[in-house]
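These notes are about the structure you will find just below.
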Amino acid sequence: MSGPVSAQAIHVGSDLDIVRIRKVVREHAVAAGLSLVDQTKLVTAASELARNTLVHGGGGEVTVSTEGDERGTTIRLVFADRGPGIDDVDKALTDGFTTNSALGLGLGGARRLVHEFHIDTEPGRGTTVRIGFHAPNRRGR
Amino acid sequence: MQDINVSVAEFLDHHGDEIVDAWQRRTFFAGRTGGDCRAVLNGVAEVVLAGRPEDPTAAGFDAIRDLLGEIAMDRIRRGETAAQTAVTLHDLKPPVVELWTSSRDGDDALPGALRLSTALDTLRLVAMELVGGESADLVEERQQLLELSTPVIRMWDGILAVPLIGTLDSARTQATMEGLLQAIVDQQARVAILDITGVSTVDTAVAQHLLRTVMAARLMGAKCVISGIRPQIAQTMVQLGIDLGDVTTRATLADALAYGLRQIGLVVAAADNH
Ligand SMILES: Nc1ncnc2c1ncn2[C@@H]1O[C@H](COP(=O)(O)OP(=O)(O)O)[C@@H](O)[C@H]1O
Ligand SMILES: [Mg+2]
């Protein structure tokens, strides 16, 4: 098995789209054989990041795919927006840091919930967050 | 002898008012107009007349497919399970078949009853078609769109509960929370239970809603208890870093009620004779 098994792109423009993203991510998680706890972790991380795309990034697109390589199955999510970007990523990742009088736990929390986490951001150009979650069949874990 | 299909269709037409009246008192049509019942009845009469009571694609059913689906979905959105809705649909059959058999004693009594029974079974299939195609998530999605309010339940004098379901981070949540706070004032409640057994994801937005509600309730003199935090949700919340602080939590709604009763000075004890 190699390359993306399936990829879905979902536009993020409203609360309802976040519900949709959670649903699609849940489907990928179930299909990849994740336990209920892992499903919940991944769906929750996706919900956090999609909400950031909507609230801070002014909307964007989320891509969900399940990939398999010689090491096993990974669910990959990409959250992309062309919003204001993040000035100081380290600060944004700090628990409790928020520019929105919210809880400020979304970015740091999402990073703790998943296995792979990368942020690409440039002030004024937008933000792309990529996460990966490994299915239990993955070797070498 | 007149064609049985014609006899049955005529019977439905002649007894239309009686059947509509009986149906309106059945659960499935609760809150619906007589016009809706009449439309469904006309559809049934049409498929019987066409001799196709077993065919869900018959023209008579096509005409009422959307209406039936809408009623069924509405019931499910309000918290009924698909199985329960199917039972309420089944309840439509007895009044019609009984009326038919009590008004006939000739040879056509049995074949007519069979046709009516078949037509109403098919009706149930037609109504549930739409439901089957919709996943729980879609129901959730519609719920969000419609912003249906979650009921605030009075568990005891002074104890309220809100069973939260589906997704919580929408305007709907806001409305639910406001409804709860208003109910606390109206009923002078001392304890408010937020039961999240039916919530699939607690992200930071949901947690913030919950925390804000607990805080507001506290300012109004009511104590909040959050119940029904399932294991996978608890683990995820911990990793996210959500701190419920000194908020009281209980495993189940029943535990939360027991706690609430104690808060208002009541105890639940076994009766002597047991
Ligand atoms: N996609 C994004 N675009 C711009 N800024 C972002 C984005 N995601 C996060 N941020 C910034 O990082 C901060 C922390 O994010 P997060 O931890 O999710 O907390 P919260 O969303 O509760 O404020 C946000 O307040 C915001 O300033
Ligand atoms: Mg956030």
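The values are calculated or read from the model by the stated rules, or taken from the named source; none is laboratory data. This structure is a prediction, so every number in the text was calculated from the model and none was measured. When we count neighbours, we look across all protein chains shown, and the Cβ atoms used for this are built from the backbone with ideal geometry, even at glycine. SASA here: full protein model, heavy atoms, side chains in, ligands and nucleic acids out. Shrake-Rupley method; radii C 1.70, N 1.55, O 1.52, S 1.80 Å.
Take the Cβ-Cβ distance between B:Ala83 and A:Glu70 as r, set R0 to 45 Å, and report the resulting FRET efficiency rounded to the nearest 0.05.
Once the sixth-power term is evaluated, E becomes 0.50.
Restricting attention to segment A:24-90, which GluC sites (Glu not before Pro) occupy a DSSP loop and are surrounded by at most 13 other Cβ atoms within 10 Å?
Working: sites: A:Glu27, A:Glu48, A:Glu61, A:Glu67, A:Glu70; in loops: A:Glu70.
Filter output for segment A:24-90: A:Glu70.
Check which residues have an amide H placed less than 5 Å from B:Met155's amide H, if you skip close sequence neighbours.
Excluding prolines and chain starts, which carry no amide H, the hits are B:Leu160, B:Ala161.
Are there any trypsin sites (Lys or Arg not before Pro) in segment A:35-78 that are in a DSSP loop and have at most 11 other Cβ atoms within 10 Å? List them by number.
Qualifying residues, ordered by number: none.
Find the sum over both chains of the accessible area lost when A and B are paired, probe 1.4 Å, and report it in Å² to the nearest 100.
Accessible area lost upon association: around 2200 Å².
Heads up, I need the accessible area for B:Ser7: 1.4 angstrom probe, whole protein in place, Å², nearest 10.
10
Counting only other residues whose beta carbon sits under 13 Å from that of A:Val89, what net charge do I get with K and R as +1, D and E as -1?
Details: positive: A:Lys91, A:Arg111; negative: A:Asp87, A:Asp88, A:Asp90, A:Asp120, A:Glu122.
Net of charged neighbours comes to -3.
Using a 10 angstrom cutoff on alpha carbons, build the Gaussian network for chain A and name the most mobile of A:Leu49, A:Leu36, A:Leu113.
A:Leu36
Could you tell me which residue out of B:Leu67, B:Thr213, B:Val152 lies farthest along the dipole of chain B toward its positive end? Charges go on the beta carbon: Lys and Arg +1, Asp and Glu -1, centred on the Cα centre.
It is B:Thr213, whose Cα lies furthest towards the positive end.
Have a look at the DSSP beta bridges in the protein assembly as shown and tell me what percent are antiparallel, nearest 5.
Details: 36 of 51 bridges.
Bridges in the protein assembly as shown that DSSP calls antiparallel: roughly 70 percent.
Helix A:15-31 against the longest principal axis of chain A: what's the angle in degrees, Cα atoms only, rounded to the nearest 10?
20
For B:Glu70, what accessible area in Å² do you get when you roll a 1.4 Å probe over the heavy atoms of the protein chains, rounding to the nearest 10?
In the full protein context, B:Glu70 sits at about 90 Å².
What residues have an amide H closer than 5 Å to that of A:Phe117, excluding those fewer than 5 places away on the same chain, when H is modeled at 1.01 Å from N in the peptide plane?
A:Gly132
As a test of reading the structure, rank A:Lys23, B:Lys223 by solvent-accessible area (1.4 Å probe, protein chains only), most first.
Descending order: B:Lys223, A:Lys23.
If I fit a long axis through the Cα atoms of helix B:253-263 and take the longest principal axis of the Cα atoms of chain B, what angle between them do I get, 0 to 90°, rounded to 10?
Once rounded, the angle reads 50 degrees.
Quick one: helix B:204-219 against the long Cα principal axis of chain B, what's the angle to the nearest 10°, folded into 0 to 90?
Taking the Cα atoms of chain B, the angle to B:204-219 is about 70 degrees.
Using the Cα gyration tensor of chain B, with a ≥ b ≥ c the square roots of its eigenvalues, what is the shape: rounded (a/c below 1.5), prolate (a/b larger than b/c) or oblate (neither)?
Prolate.
First compute the accessible area of the protein assembly as shown with a 1.4 Å probe, then give the percent of it belonging to carbon and sulfur atoms.
51
Using the basic label-point model (7 angstrom from Cα toward the beta carbon), what is the B:Val238 to B:Arg262 distance in nanometres?
2.3
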